[in-house]
Amino acid sequence: MSPKIKLLLTGRIQLEYYCYGEGPKTIICLHGHGRPASDFEFVAGKGKRVISLNLFHHGNSTFPSEDIERDPLRINEFIELFELLLNTEKVEHFHLFAFSQGGRFSLCLLSFFAEKIETLTLISPDGMDNSSFYNWASRQKWARRIFRNFEKDPSRLKLYTNIALKLRLIRPKVKSFMDEFSSGRERFLRASQTWRNFRMLQPNIEKIRKALDEYQIPLLIIMGTYDQVIRPKQAYRFARKIGRPDCVQEIPNGHHFFKPSSINKFRHLLPFSEQ
């Protein structure tokens, strides 16, 4: 199915999004790092309208690179753009569906648009722990400076990941994940830019709990049993904090969820699949 590709522009940022199908049911989707908005084409079907966003630094969704260090993306800035999207597409209520890095954005959106969200489905979501080393380091100027130094020649990073692995500072799967994104300058640049630029997007646990309870929003978190990038135990810990200890569903998978064989493992779990 070929999407209708649209653009929204507000202030300094531009959002590209794909629209699939038509119908009374709207599903808004946010992809993971390095993934395309087209990942969610499989959701489209009779009576469904799928709106799949390209996150910034992906596709034609843009953010000024010169602003990343001194004035990164703010939650309120993204909220304003998302509200423009809803108004433009005349969306009254919607299902929110996100993977990995898209999960961080979705958790930030939740408390602002809770009255419009019918269900929230997250696959291996980022943003469940603002104090994790990955998230904490992004807010440290020295750490961001290190990553910027690798942007011209990311192959040098492999030396440090090898050392970190030997010292047991990182897990083998995390090393493989980092090596994957340091395999080329363009890929590493996007990884560095998103990591640095999204550092102020910090989901608030108390606001999430309150929004879920007040509006009784069904929440499903799908995790891969073998995922070593974002591990199931992180999801269980997060679920307890927000008062939804039973919302996590594991499937036999790693962190790559959008191969046809992986999609078939979870598509029947999606709350909007047969509604």
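Structure values in brief
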{"read-out": "Residue in the stretch 107-136 that is surrounded by the fewest Cβ atoms within 10 Å (Cβ to Cβ), counting only those that are of a type in the set (A, V, I, L, M, F, W, C) and at pLDDT below 95", "value": "F133"}
{"read-out": "Test result for A191, among the aliphatic types (A, V, I, L, M) and under 22 Å from A114 (Cα atoms)", "value": "no"}
{"read-out": "Count of the stretch 203-249 residues which are touching a residue at least 24 places away in the same chain (Cβ under 8 Å), surrounded by fewer than 16 Cβ atoms within 10 Å (Cβ to Cβ) and not in a helix (DSSP H, G or I)", "value": "6"}
{"read-out": "Residues of the stretch 84-107 that turn out to be within 21 Å of N130 (Cα to Cα), of a type in the set (A, V, I, L, M) and assigned to a helix (DSSP H, G or I), as a count", "value": "1"}
{"read-out": "The lone exception for K152 - which of (1) in the same structural domain as H58 (by TED's automatic domain parsing); (2) modelled with pLDDT under 95 it fails", "value": "(1)"}
{"read-out": "Count - residues of the stretch 74-90 that are surrounded by fewer than 16 Cβ atoms within 10 Å (Cβ to Cβ), touching a residue at least 60 places away in the same chain (Cβ under 8 Å) and over 17 Å from the mean Cα position of the chain (by Cα)", "value": "3"}
{"read-out": "Residue check for F94: among the hydrophobic types (A, V, I, L, M, F, W, C), under 16 Å from the mean Cα position of the chain (by Cα) and either on the phi > 0 side of the Ramachandran plot or surrounded by 13 or more Cβ atoms within 10 Å (Cβ to Cβ) (or both)", "value": "no"}
{"read-out": "Filter pass, R139 being touching a residue at least 40 places away in the same chain (Cβ under 8 Å), more than 20 Å from the chain's Cα centre (by Cα) and surrounded by 14 or more Cβ atoms within 10 Å (Cβ to Cβ)", "value": "no"}
{"read-out": "S100 being in contact with a His (Cβ under 7 Å, 6 or more places away or on another chain), more than 16 Å from G11 (Cβ to Cβ), crowded, with 17+ Cβ neighbours inside 10 Å and polar (S, T, N, Q)", "value": "yes"}
{"read-out": "Subset tally (residues that are under 27 Å from P64 (Cβ atoms), in a helix (DSSP H, G or I) and among the aliphatic types (A, V, I, L, M)) for the stretch 151-202", "value": "4"}
{"read-out": "Index of the failed condition, H255 passing every other in (1) surrounded by 17 or more Cβ atoms within 10 Å (Cβ to Cβ); (2) under 16 Å from A98 (Cβ atoms); (3) out of contact with any Gly (no Cβ under 7 Å at 6 or more places or on another chain)", "value": "(3)"}
{"read-out": "Subset of the stretch 18-71 [buried (at least 19 other Cβ atoms within 10 Å of the Cβ), more than 17 Å from the chain's Cα centre (by Cα) and closer than 27 Å to F181 by Cα]", "value": "I68"}
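The rows are residues; the columns are (1) within 17 Å of L30 (Cα to Cα); (2) of a type in the set (V, I, T); (3) out of contact with any Leu (no Cβ under 6 Å at 6 or more places or on another chain); (4) modelled with pLDDT of 95 or more.
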| position | (1), (2), (3), (4) |
| --- | --- |
| A191 | yes, no, yes, no |
| M200 | no, no, yes, yes |
| P203 | yes, no, no, yes |
| K207 | no, no, yes, yes |
| P218 | no, no, yes, yes |
| M223 | yes, no, yes, yes |
| P232 | no, no, yes, yes |
| R237 | no, no, yes, yes |
| G243 | no, no, yes, yes |
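The values are calculated or read from the model by the stated rules, or taken from the named source; none is laboratory data. Every value quoted in this text rests on a predicted model; they were computed, and no experiment measured them. Positions of Cβ are backbone-derived with ideal geometry, glycine not excepted, and every protein chain shown enters the neighbour counts.
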